[in-house]
1. State the Cα centre-to-centre distance between segment B:136-163 and segment A:62-135 in whole Å.
2. How high is the FRET efficiency between B:His253 and A:Arg66 when r is their beta carbon distance and R₀ equals 45 Å, given to the nearest 0.05?
3. Mind pulling the angle between the C-alpha long axis of helix A:170-187 and the longest principal axis of chain A? Nearest 10 degrees, somewhere in 0 to 90.
4. Assigning unit charges at the beta carbon (Lys, Arg +1; Asp, Glu -1) and nothing else, what dipole magnitude in debye, to the nearest 20, does segment A:1-152 show about its Cα centre?
5. Kindly state, to the nearest 0.05, the FRET efficiency for B:Gln82 paired with B:Ala322, given R0 = 41 Å and r defined as their beta-carbon distance.
6. Under a point-charge model restricted to the Cβ atoms of Lys and Arg (+1) and Asp and Glu (-1), what is the dipole moment magnitude of chain B relative to its Cα centre, in debye to the nearest 20?
7. Starting from the Cα of B:Arg329, step 7 Å along the direction of its Cβ; do the same at B:Met31; then give the gap between the two resulting points in nm.
8. For the pair A:Glu123/B:Ile302, report the inter-label distance in nm, with labels modelled 7 Å from Cα in the Cβ direction.
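Throughout, read-outs are computed from the coordinates displayed, never taken from laboratory work. Predicted model only: the values in this text are computed from it and were never measured. For neighbour counting, all protein chains shown are included, and Cβ atoms are generated from backbone atoms with ideal geometry for every residue, glycine included.
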Amino acid sequence: MKLENITKKFGGLVAVDKVSLEIEAGELIGIVGPNGSGKTTLYNVISGVYTPEEGRVILEGKDITRLPPYRRAPMGIGRTFQIPRPFSSASVRENVAVGIMFGTLSGKVGVDESLEMADHYIELVGLQAYRDKASGRLTPTEKKLMEIARALAMKPKLLLMDEAMAGMHPRDIDDVVRFLKETAQEENIAIVSMVEHIMRAVAGFAQRVMVMYQGAKLVDAPTAEALGDLRVIDVYLGRPSGG
Amino acid sequence: MRLKIEKYYPLLPVYAAYLVMFLIGRTMPGMWQMVALLAFYCAIGQAFNIFLGMTGYVDFGYVAFLAMGTYGMALGITAFHQTGLGIGIMFIGLLLGVVMAALLSLAVGAVALRLRGAYFAIATIGVNEGFRYFVEGARIWGGSEGIIFYGDMTEAFGAETTRLLSTVWADVAVFIIAAMAAFVTIHYMRGKIGYALTALREDEDAAKVMGINVTKYKIIAFITSASFAGMIGAMAWALKLTYVFPPDVFEIHYTIECIIIVLLGGAGTLLGPIVGALIYGLSKYWLAVIAPGFQLLIFAPIIIVIVVAFPEGIMGLVKRRAKGTGWERYII
């Protein structure tokens with residue numbers, strides 16, 4: 001997966017400014033940046049919700065910059081949302097089955113098979129007890145877990161996670177981080193996890209971190225190095241006055 | 001594809017209801033007209049539900065598809081009445097009606113289904129009214145006078161058959177169409193398309209990112225729903241009344257009735273349109289007797305109460321109650 005010089009503008013506002021990023025298969029990457037730094041816009045460009053004004057999105061050598069989102073999902077791009085977006089009236093099992101039916105296995109598995117396969121992913125995130133519950137009635141944390149299961153069920157090559165751990169208990173975050181790392185390794189999924197301020201999740205998870213600030217890439221380095229970078233500390237804490 | 005019979009169990013209460021209605025109509029004197037009216041409401045409710053219930057989009061121009069079916073049958077009979085094909089002409093008319101309804105829905109859907117929610121609803125009102133004025137203004141298909149084809153019908157089928165077609169068989173056909181629409185509804189619900197439609201109804205943007213070609217699935221549901229409307233128009237209106245009159249067949253009132261029936265019974269459920277049709281049809285019939293002219297005035301507040309108190313409709317509520325009980329497999 002490669003992003004080449006992506007620029008996305010909304011009117012006069014440059015939301016993403018010439019960002020390039022390369023993601024290897026199975027790599028775990030964190031994208032960090034304060035509110036408004038262009039992280040979500042970048043995700044929308046990768047998943048196809050927005051078409052960038054400049055630059056190219058390349059997946060396994062194919063230029064997918066202009067493909068609609070529904071064509072990208074079967075090619076292996078999965079995603080979770082900052083505010084969970086369950087298909088509320090459908091049960092947890094049906095939600096996850098949708099991921100199987102329309103993800104990279106699209107056209108290869110039938111409805112019954114998808115429903116059976118969904119159970120595996122529901123167990124992975126520990127939602128067995130809620131399998132037949134309408135997903136709209138889950139708690140926010142359960143919805144987030146359900147979304148992770150649904151996205152993994154797409155059998156993606158690249159999984160984009162948007163603040164997946166915001167609002168979770170620190171102990172749960174550690175659990176989810178561990179589980180994601182294991183799954184990514186087993187299934188060779190590259191995971192990009194985007195966070196605003198839950199550094200605990202990034203530090204324990206990512207091998208590499210890209211820091212965004214005002215739409216541009218500020219730092220792209222191995223995790224420890226990136227989070228210790230003075231410019232990053234600046235962005236988050238500001239420069240001491242008079243310093 | 002494996003056909004799992006348990007998946008179709010919810011059709012049992014539907015078909016039982018139709019059978020009871022049919023038997024009441026056939027055996028009790030004087031009941032056939034009322035049963036026919038109820039069957040008509042069941043059929044359009046079921047047909048409309050395939051689109052509104054499964055996609056969440058409201059088509060205010062839905063009656064235009066019934067109109068297409070009616071014109072299709074009228075044109076088929078007037079064009080072929082001298083060919084000596086007998087009852088075959090009726091099937092040509094039916095086919096013509098379905099094709100015309102499907103083509104109109106494809107044309108409207110390909111453009112308007114790219115719009116969301118309220119914008120789609122507004123665009124469809126325009127299509128219905130626009131099409132009516134086009135027919136009248138351009139003087140096609142008899143213009144504002146419509147087509148009267150009773151004479152052509154008797155020439156094609158003979159007087160006795162024509163009478164039977166218009167008084168009995170047109171209504172029987174409506175039952176058959178309603179049964180077919182119920183089958184297609186559950187077939188969609190249990191299939192991949194049902195999952196795609198549920199997903200896009202709940203969250204269209206999330207559905208797209210999940211790999212669902214939302215426009216394609218919306219158009220499939222739209223065309224299916226419109227084709228059934230075409231069949232109903234051809235049988236329940238053209239064949240039964242033996243004429244087409246533009247102000248009648250493009251009357252937006254019928255679309256409103258469809259919406260009431262589906263919302264009352266429970267959008268997106270299988271039994272909902274039938275429950276809605278029976279309650280609506282019977283109370284309309286009854287109100288016309290005890291308070292003629294006041295039906296809509298009485299209906300409006302009832303609808304508001306229902307939409308506020310049970311937004312999922314009657315069957316939506318029943319379905320939730322039935323969850324985890326033995327009834328679950330029969331009710332959807």
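1. 53 Å
2. Details: r = 45 Å, r/R0 = 1.00.
The pair B:His253/A:Arg66 has a calculated efficiency of 0.50.
3. Compared with the principal axis, the helix lies near 80 degrees.
4. Details: 20 positive and 18 negative charges, 104 e Å.
Using only the charged Cβ atoms, the result is roughly 500 debye.
5. Working: r = 55 Å, r/R0 = 1.35.
The pair B:Gln82/B:Ala322 has a calculated efficiency of 0.15.
6. Working: 22 positive and 18 negative charges, 239 e Å.
Taking the Cα centre of chain B as origin, the dipole is about 1140 debye.
7. 3.1 nm
8. In this crude spin-label approximation the distance works out to 5.2 nm.
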